[in-house]
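To keep things clear, I will list the structure first and then write my remarks on it.
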Amino acid sequence: MCGIVGYVGFRDCQGILLKGLGRLEYRGYDSAGVAIVDGSLHVAKCAGKVRDLESRLAADPPRGSLGIGHTRWATHGLPDDINAHPHVSSSGRIALVHNGIIENYAALKQTLAAKGCVFRSQTDSEVVVQLIEEILNGDPDLSFEAAIRLALGQVTGTYGLAIVNLDDPARLYVARKGSPLIVGLGDGETFVASDATPIVEYTNRVVYLDDGELAVLSPGSCEVRTIDDVPLTKDVHELALSLDAIEKGGFPHFMLKEIHEQPRSVADCLRGRLLPTGHVQLGGLAGVLDRIASARKLTIAACGTSWHSALVGEYLIEHLARLPVEVEYASEFRYREPLLDGNDVLLAISQSGETADTIAALREAKQHGALVLGICNVVGSTLARETDAGVYTHAGPEIGVASTKAFTAQVVALALVALALAEKRGTLSPARAARVAEEFHRIPEKIAEILTQEAAIRTLADRFTYAPNFLYLGRSFNFPVALEGALKLKEISYIHAEGYPAAEMKHGPIALIDRLMPVVVLATTGHTSDKMLANIEEVKARQGRVIAVTTPGQSEVKRLAEFVIEVPETDDLLSPLLAVIPLQLLAYHIAVNRGCDVDQPRNLAKSVTVE
Ligand code: G6P
């Protein structure tokens, strides 16, 4: 949610900032801007995409080696030219970019306005830059850094900030509370960004800022202190990200590339973790497995697609390990005074590891003394650093806003956790464990097999491109897949879609079914196959248009359905890993047919760092 990039060094920074913004654009894309110190403070910003900003800059490109850039996802104020970042102080000498929300901005704005400060934008962010200038004006002996500290002492809320000052042209000031910032250390140059993607091309040496820290960046160096001015020695980490991984690799969209990466990403998540006996080795959980296995229940908190994988996890863990699981929307969890104590275990799931509500949920659980675990894709993210133990999904960078390979990798990680807990709790026979392991290792090749049917799924997408509504039905392990299929479609094609437990359809959505309604049914072989068949009959009886995702043995389903997508047979409990793939492709091709911006759907952002 909002992307920040900054540079101080020896190169002309405009290209670095624009390229960085292009890589960060998935975090927010309603407007973009840069501020570059080139003898004067040159600010360019506009509503629209980074390419619009690029065209604007082409006419009069600023040259300078200190600069900041921003790509926005609006919270306060319309996404227009004026509300776009950077925001500049009244004197025109200080510029700032901000990710997060300044909660007390209205009160601060009122006080500053009463002192004569004239605000240009409706944003909460502008308040910070005006406040810094006001503090400096009040005490000309104060250093710029000290003025920032005093200003941050007055604001409440969350921020990732990058600030430049025309009167201090070799330093870039950054601060973090609640919104991620990574500093990249090069030779004679220093970078800052919301994530590592703009940095990886130049250096792999990074420092992760933590909440409550302020860093002064100068060419090749980074001095970090707490906001209260206590000096800190930070570890320098090595980035394990490759440039190839963040490019489209010949695919028209990141989403399609990421769908096609799933045979590999699932294999990577499994690699070295599951023995043929069904024994699981999860190094990150080794020290805490006993405690989880003996907990009275496991609470899982997540948002969006990660919440859907959490639901699959609930089915898997309860089925295999017979441990009660509760799945919570992270955004609701904190506000209903959760009943947790030192005996409880909370598992937070997040692709990015930066989703504000998920981080808030894990902090809440920590405060209650619970053991806090994570399943996360981004190495070094806030979630990864704040949990007691966890599992990385190793799916590689996911850039398309609609999550695909992160979902399947999360389900793999959860299935591994379920198997590990089942072994500890003695709830699974060795023979069954070995059978599940054998099937599990065949999942990557089975996903690859489904991907070969893309042309047929595209033809199906052509038939339903202009359907105004869709219904997705699933049962048991595949009920969360129905939710995920519906979410994929609505996120990227803007078609209204609902996912439902197939039998629950009778209590409402059945009223929507008529001869125009496409109903996607997840009808793979499993313990609820017969029940699913009855639900399909119910849809048919109302003339609904049945699109079945099914397995070769399901001849009755094939007889009833108008359209069939076949996925290979597998163990019932692993079927979500296969059934979801056609739904991803269906949503993708419908969205492309409708001319939608698949990788950057309207109003959405990849990483939601505000609550
Ligand atoms: C946003 C994204 C979704 C994602 C959700 C949770 O809404 O658009 O694709 O599932 O955030 O993100 P997380 O990084 O916590 O998994």
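The values are calculated or read from the model by the stated rules, or taken from the named source; none is laboratory data. It should be emphasised that the depicted structure is a prediction, and the values quoted were computed from it without experimental measurement. Every residue, glycine as well, gets a Cβ built from its backbone with ideal geometry; the counts of neighbours run over all protein chains shown. For accessibility, only protein heavy atoms count, side chains too; no ligands or nucleic acids. Shrake-Rupley method; radii C 1.70, N 1.55, O 1.52, S 1.80 Å.
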Output for region 186-244, where each listed residue is farther than 21 Å from residue 2 by Cα and in contact with a Cys (Cβ under 8 Å, 6 or more places away or on another chain): 216, 234
Meets criteria (crowded, with 22+ Cβ neighbours inside 10 Å and under 21 Å from residue 603 (Cα atoms)) for residue 486: yes
So for region 77-85 (the condition being farther than 30 Å from residue 219 by Cα and touching a Cys at 6+ places or on another chain (Cβ under 8 Å)), does at least one residue qualify? yes
What number of residues in region 320-337 are in contact (Cβ under 8 Å) with a residue 60 or more places away in the chain, open to solvent by less than 20 Å² (accessible area, probe 1.4 Å) and within 14 Å of the ligand (Cβ to nearest atom)? 0
Starting from residues that are within 16 Å of the ligand (Cβ to nearest atom) and not in a helix (DSSP H, G or I), keep the ones in region 489-516 and report whichever is surrounded by the most Cβ atoms within 10 Å (Cβ to Cβ). 499
Could you please let me know if residue 396 is modelled with pLDDT under 95, within 16 Å of the ligand (Cβ to nearest atom) and open to solvent by 10 Å² or more (accessible area, probe 1.4 Å)? yes
Every residue from region 569-591 that is within 21 Å of residue 467 (Cα to Cα) and either crowded, with 24+ Cβ neighbours inside 10 Å or without any contact (Cβ under 8 Å) to a residue 12 or more places away in the chain (or both): 580, 581, 582, 583, 584, 585, 586, 587, 588, 590, 591
Filtering region 471-483 for residues that are in a strand (DSSP E or B) and open to solvent by 10 Å² or more (accessible area, probe 1.4 Å) leaves a count of 0
Where residues in region 222-275 are among the β-branched types (Val, Ile, Thr) and surrounded by 14 or more Cβ atoms within 10 Å (Cβ to Cβ), which of them is farthest from residue 208 (Cα to Cα)? 259
Touching an Asp or Glu at 6+ places or on another chain (Cβ under 7 Å), near the ligand (Cβ under 9 Å from one of its atoms) and either part of a loop (DSSP other than H, G, I, E, B) or open to solvent by less than 10 Å² (accessible area, probe 1.4 Å) (or both) - does that describe any residue in region 338-353? yes
Of the conditions (1) free of Cβ contacts under 8 Å to residues at least 60 places away in the same chain; (2) within 18 Å of residue 486 (Cα to Cα), residue 543 satisfies every one except a single condition; which number is it? (2)
Which of (1) away from the ligand (no atom under 11 Å from the Cβ); (2) more than 20 Å from residue 312 (Cα to Cα); (3) open to solvent by 30 Å² or more (accessible area, probe 1.4 Å) does residue 365 not meet, given it meets every other one? (3)
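Yes/no per residue for (1) under 19 Å from residue 67 (Cα atoms); (2) touching a helix residue (DSSP H, G or I) at 6+ places or on another chain (Cβ under 8 Å):
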residue	(1), (2)
194	yes, yes
215	yes, no
220	yes, no
225	no, no
241	no, no
247	no, no
253	no, yes
Across region 106-131, what is the total count of residues that are within 17 Å of residue 176 (Cα to Cα) and among the aromatic types (Phe, Trp, Tyr)? 0
Looking at residue 378, is it in a helix (DSSP H, G or I), within 16 Å of the ligand (Cβ to nearest atom) and in contact (Cβ under 8 Å) with a residue 12 or more places away in the chain? no
Being open to solvent by 10 Å² or more (accessible area, probe 1.4 Å), within 16 Å of the ligand (Cβ to nearest atom) and touching a residue at least 12 places away in the same chain (Cβ under 8 Å) is the filter here; which residues of region 592-611 pass it? 596, 599, 600, 602, 604, 605, 606, 608, 610, 611
Can you tell me which of (1) modelled with pLDDT under 95; (2) over 24 Å from residue 164 (Cβ atoms) is the one residue 220 doesn't meet? (2)
